[in-house]
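Asker: Sharing a structure, written as C-alpha cells. Questions coming.
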Amino acid sequence: MKSPFYDVISIPAGNGFTNLYNAITDVPAIIDVDGDGDTDVLSFELDGSFLNYHQNRAVEKGLGIDTFVMETRDICFGKFYENMFSEVLVLSNNKDQCASGLKDDGNPRHTGSTVLAFDNDCDGDMELILGDVANTRLFMLTNGGNKNAAWMTSQESNFPSYNVPVEMNLFIAAFLLDVNNDGKKDLIATPNETDGGINRQHIWLYLNTGTACAPKFELYTKQFLVDEMVSAGAKSDPAIGDLTGDGLPDLLLGGNGVYRQGELKKCRLNFYKNTGTKTQPEFTLQEEDYLNMSVLSTQPLALSPALADMDDDGDLDLWLGDGNGRLYFFTNTAGPGSQANFTYVYPYNNIFVGQDAKPCVRDVNGDGLLDLMVGEQNNELNLFLNTGTKNNPVFPNIPDQRNYGGLFSTTDFYTFNNSIATFENQGKRMAYIGYEDGRLSLYEWSGDGINGTWVLLDANVGKIHRGNKLNTELADVNGDGIWDLVLGNFGGGVQFYSTPFLVNSSSTQYSVLDNIEMYPNPANDYLQIKSSDQYWVIISDVQGKTVCAKRTAEALTSIDIKDLPKGMYFVKFLQQGKLITCKN
C-alpha cells in the first residue's frame, strides 16, 4: 500500500510503498467502507492507539473489485483514540481532529484489538464494535459522520447494555452473520484467544429481533455450535481402547484444561463410552473428569493418554503425559472383561522429557516386551526400553535415545508436536506423526528396531489440515479390519479417518468373488466400480504406494483418476480385513 508516512520513514526501494500493517493478535475489519464496491481495510496502527483506514482505489482506477490498490486515507478513522495502556477510548469533539490520549511514560504499551465494522442504521457509514486484549467486554461506537469522513460521537462500553452485555475472559471478538436465515444479521461474540480465554459457554449468539436497519441483539445461547460437538478445550488428544469390558473400543480424550468464567482452569480427561456396535460405533460422554484428574493434577496442564496392557493380565493400563513433561502410570486391576479399575503412580520413575509429553507404547525391538516412546514439543522422540518382564515392566528414568529414529537434525525449536502412532503393514513398521503446524506425515522404519531410522513417505498425508498441534491415534474403530486414524488438535475436537492399511496384514486371507465389475480398462478420467456390496478400493502405483483409497457405495461407484499421471496402477479390494480377488 501507499504509506501515509513515506516522507518520514525509510521505505524499501524508496518508492513510497510498504506492507499494510495488522498486528498478529488483531482481527481487522475487511469491508467496503466507502460503498464503492471494492474491499477496504480498517486496522489498528503499530501501538494500537489509532484505527487506520486503508482505502482500496481499484474502482476509482477502473480496475476490477478482485484487485487491491491500497492507500491509507485516514490515520485515525472515526477520530477516536484508544489508550495505549488500557481499553479506555477517548472520542474527539472535533470531526476534523484526532483525539489525544495519555503521553508515553515509558511503561509497557498495550496492543491488541478486534474490529467489527457495520452500518448499524443504514445511513451509509460504518459503526464499530471493538474488543480489546485487556478487556472482557465489547465497546460500541456510533458514527456521527459520513462514509467519507467517519466521526465517532458516542460510545457504549458494555455492549449490548440493553440486553445481556457480553462478559467473557478474555480479548473478545464480535462477528455478524445471518444465523437463522431470516434476512437479518445476528451477532456472535467469542474470545480471540487460542488458549488463554474461557472454553466453556464461550460462543455467545445474539439473535437480531429488530430490523436490518435498527438491529436489536438478544442473547439466545452462550454455547452456540459447541453444545452439539466434542470439545475438550485446547489441544485434544485421543486414545482408543475397551475400558468397560464389553468388547467395544471406547474413547479417552485428553486436553489442555477446562476454563469457565470466574473459575480457575482445570485439567481434565474425558471418557466417552462406545454405546454403538462393533461395526457402527457411537461414542457417548460418560465422565468429563475421568479419574478425577482435576484434583490429581495440581496445575491446568495438557493431558495425553495412551492405553496398553503393560502387565499382560488381559486388561488395559493407562499412561498419561502432562504439559510439564512428566508421566502418570495407572495400573488396571480389573482383569479381562471388566470395568477398568485404576491405581496410579505420579510422577512415574521421575521421568521428565520436556513440555507436553505424549506416550506411545509398542514393542520396538521384538523382544516381546512393550517399550515406551514419549514425544514432546522440542523436536525429540524419547525411547525408553523395557528391561523388566511381561508381567512387570521396568523403565529407566533417562531415555535410551532422545531422537529415536533420527526424525530431526536439530532441536530447540518447535516443529514436532509430540504425537506418533505406529503400526505394522506387510512386515514393515509404519507411523503416522502429527506436527505443530498441522501436518500429518507418514513414515516407514528402516533398519533394526533400535538403531534404525524413520524414512519419510508422505509429508502431508491426504493434504488434510485439521488444526495445529495434531495428535494421532490408530485403532480399528468399526471392526472392518482396517486401521482407523483418530486425530485430536489444538482446537479441542476429534476426527476419525479410515486408512488404506490392514490391521493384520501378515495373516491376510483371500476371497474370490464374482460380484465386482471394474471398467473401463485402460481408464482415462474415471474408473467405474459396480458391486452388490461395499468394499474398500485401494489404487497403488508400481512402487506399491497408495495413490487413492475409497469405499464403494452399493451398486455403482465412480472414482476420479484425472489427476493421476499416466502409467500402470494396481487395484485392490478389501472387505472385513480380507483382500478380495475378482474372477472378471
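Asker: Within the range 320-331, is even one residue under 23 Å from Gly452 (Cα atoms) and either buried (at least 19 other Cβ atoms within 10 Å of the Cβ) or charged (D, E, K, R) (or both)? Spell out the reasoning first.
Answerer: Initially, the range 320-331 is screened for residues under 23 Å from Gly452 (Cα atoms), giving none.
So far as the range 320-331 goes, no, none of its residues is under 23 Å from Gly452 (Cα atoms) and either buried (at least 19 other Cβ atoms within 10 Å of the Cβ) or charged (D, E, K, R) (or both).
Asker: Taking only the range 119-130 into account, find how many residues are open to solvent by less than 40 Å² (accessible area, probe 1.4 Å) and either at positive phi or at pLDDT below 95 (or both).
Answerer: Here the count works out to 1.
Asker: Next question, about the same structure. Filter the range 250-289 down to residues that are outside any loop (DSSP other than H, G, I, E, B) and basic (Lys, Arg) and give me whichever is most open to solvent (accessible area, probe 1.4 Å). Quick ask: steps written out before the conclusion?
Answerer: Taking the range 250-289 first, the residues outside any loop (DSSP other than H, G, I, E, B) are 250-254, 258, 266, 269-274, 283-287.
Then keep just the ones that are basic (Lys, Arg); that gives 266, 273.
Working: Lys266: 87, Lys273: 55 Å².
Here the answer is Lys266.
Asker: Identify, please: which residue in the range 371-397 is among the aliphatic types (A, V, I, L, M) and within 26 Å of Tyr435 (Cβ to Cβ) and is, among those, surrounded by the most Cβ atoms within 10 Å (Cβ to Cβ)?
Answerer: Looking only at the range 371-397, we keep the residues that are among the aliphatic types (A, V, I, L, M), and these are 372-374, 381, 383, 385, 394.
Pick out the ones that are also within 26 Å of Tyr435 (Cβ to Cβ) and you get 372-374, 381, 383, 385.
Details: Leu372: 27, Met373: 22, Val374: 30, Leu381: 27, Leu383: 18, Leu385: 18.
By that ranking, first place goes to Val374.
Asker: Mind checking which residues of the range 522-544 are at pLDDT below 90, of a type outside the set (Val, Ile, Thr), farther than 22 Å from Thr279 by Cα and surrounded by fewer than 11 Cβ atoms within 10 Å (Cβ to Cβ)?
Answerer: Once the filter is applied, which keeps residues that are at pLDDT below 90, of a type outside the set (Val, Ile, Thr), farther than 22 Å from Thr279 by Cα and surrounded by fewer than 11 Cβ atoms within 10 Å (Cβ to Cβ), the range 522-544 yields Gln543, Gly544.
Asker: Specify the residue that is modelled with the highest pLDDT; the eligible residues are those in the range 1-13 that are open to solvent by 40 Å² or more (accessible area, probe 1.4 Å) and either polar (S, T, N, Q) or in a strand (DSSP E or B) (or both).
Answerer: Lys2
Asker: Against the definition (basic (Lys, Arg), surrounded by fewer than 16 Cβ atoms within 10 Å (Cβ to Cβ), over 19 Å from Asp458 (Cβ atoms) and modelled with pLDDT of 75 or more), how does Lys566 come out, yes or no?
Answerer: Details: basic (Lys, Arg): yes; surrounded by fewer than 16 Cβ atoms within 10 Å (Cβ to Cβ): yes; over 19 Å from Asp458 (Cβ atoms): yes; modelled with pLDDT of 75 or more: yes.
Yes: the conditions hold for Lys566.
Asker: Pull up the range 75-118, narrow it to residues that are among the small types (Gly, Ala, Ser) and open to solvent by 60 Å² or more (accessible area, probe 1.4 Å), then point me to the one that is modelled with the highest pLDDT.
Answerer: Kept after step one, since they are among the small types (Gly, Ala, Ser), are these residues of the range 75-118: 78, 86, 92, 99-101, 106, 112-113, 117.
Right, trim to open to solvent by 60 Å² or more (accessible area, probe 1.4 Å) and you get 100, 106.
Numbers: Ser100: 86, Gly106: 53.
Among those residues, the one meeting the criterion is Ser100.
Asker: Additional query: Can you name the residue in the range 459-470 that is without any contact (Cβ under 8 Å) to a residue 60 or more places away in the chain and of a type in the set (D, E, K, R) and, of all such residues, is most open to solvent (accessible area, probe 1.4 Å)?
Answerer: Applying the first criterion (without any contact (Cβ under 8 Å) to a residue 60 or more places away in the chain) to the range 459-470 yields 459-468, 470.
Going one step further and asking which of them are of a type in the set (D, E, K, R), we end up with 463, 466.
Details: Lys463: 170, Arg466: 99 Å².
Taking the candidates together, the pick is Lys463.
Asker: If you don't mind, another one. Looking at the range 419-438 only, could you name the residues that are among the β-branched types (Val, Ile, Thr), more than 20 Å from the chain's Cα centre (by Cα) and crowded, with 22+ Cβ neighbours inside 10 Å? Please lay out each step first, then the result.
Answerer: Kept after step one, since they are among the β-branched types (Val, Ile, Thr), are these residues of the range 419-438: 420, 422, 433.
With more than 20 Å from the chain's Cα centre (by Cα) added as a condition, the list becomes 422.
Selection gives nothing.
Asker: Same structure again: Considering only residues that are free of Cβ contacts under 8 Å to residues at least 40 places away in the same chain, outside any strand (DSSP E or B) and not β-branched (Val, Ile, Thr), look in the range 14-32 and name the one that is surrounded by the most Cβ atoms within 10 Å (Cβ to Cβ). Lay out the reasoning, then the answer.
Answerer: Going through the range 14-32, the residues free of Cβ contacts under 8 Å to residues at least 40 places away in the same chain turn out to be 14-19, 21-22, 24, 30, 32.
Going one step further and asking which of them are outside any strand (DSSP E or B), we end up with 14-16, 18-19, 21-22, 24, 32.
Now restrict to residues that are not β-branched (Val, Ile, Thr): 14-16, 19, 21-22, 32.
Working: Gly14: 8, Asn15: 10, Gly16: 12, Asn19: 9, Tyr21: 16, Asn22: 18, Asp32: 16.
The residue in question is Asn22.
Asker: Follow-up question, since we're still on this one. Go through the range 199-226 and give me each residue that's assigned to a loop (DSSP other than H, G, I, E, B), surrounded by fewer than 16 Cβ atoms within 10 Å (Cβ to Cβ), in contact with a strand residue (DSSP E or B) (Cβ under 9 Å, 6 or more places away or on another chain) and of a type outside the set (Lys, Arg).
Answerer: Gln201, Thr209, Gly210, Leu225
Asker: (1) in a strand (DSSP E or B); (2) touching a Pro at 6+ places or on another chain (Cβ under 8 Å); (3) over 26 Å from Leu291 (Cα atoms): which one isn't true of Asn158, the others all being true?
Answerer: (1)
Asker: Exactly one condition in (1) assigned to a strand (DSSP E or B); (2) within 26 Å of Phe490 (Cα to Cα); (3) open to solvent by 30 Å² or more (accessible area, probe 1.4 Å); (4) not basic (Lys, Arg) is not met by Phe352; state its number.
Answerer: (1)
Asker: Looking only at the range 33-70, which residues are touching a residue at least 24 places away in the same chain (Cβ under 8 Å) and open to solvent by 40 Å² or more (accessible area, probe 1.4 Å)?
Answerer: Selection gives Gly35, Asp36, Gly37, Thr39, Glu45, Leu46, Phe50, Glu60, Ile65, Thr67, Phe68.
Asker: Condition first: of a type in the set (Val, Ile, Thr) and open to solvent by less than 20 Å² (accessible area, probe 1.4 Å). Now tell me which residues in the range 189-198 satisfy that.
Answerer: As a first pass, look at the range 189-198 and keep what is of a type in the set (Val, Ile, Thr): 190, 194, 198.
Correct list: Ile198 only.
The values are calculated or read from the model by the stated rules, or taken from the named source; none is laboratory data. Given the structure is predicted, the values throughout are model-derived calculations rather than measurements. Backbone-built Cβ (ideal geometry, glycine too); neighbour counts: all protein chains shown. Ligands, DNA and RNA are stripped out before the accessible areas are found, and what is left, the full protein with its side chains, is counted by its heavy atoms. Shrake-Rupley method; radii C 1.70, N 1.55, O 1.52, S 1.80 Å.
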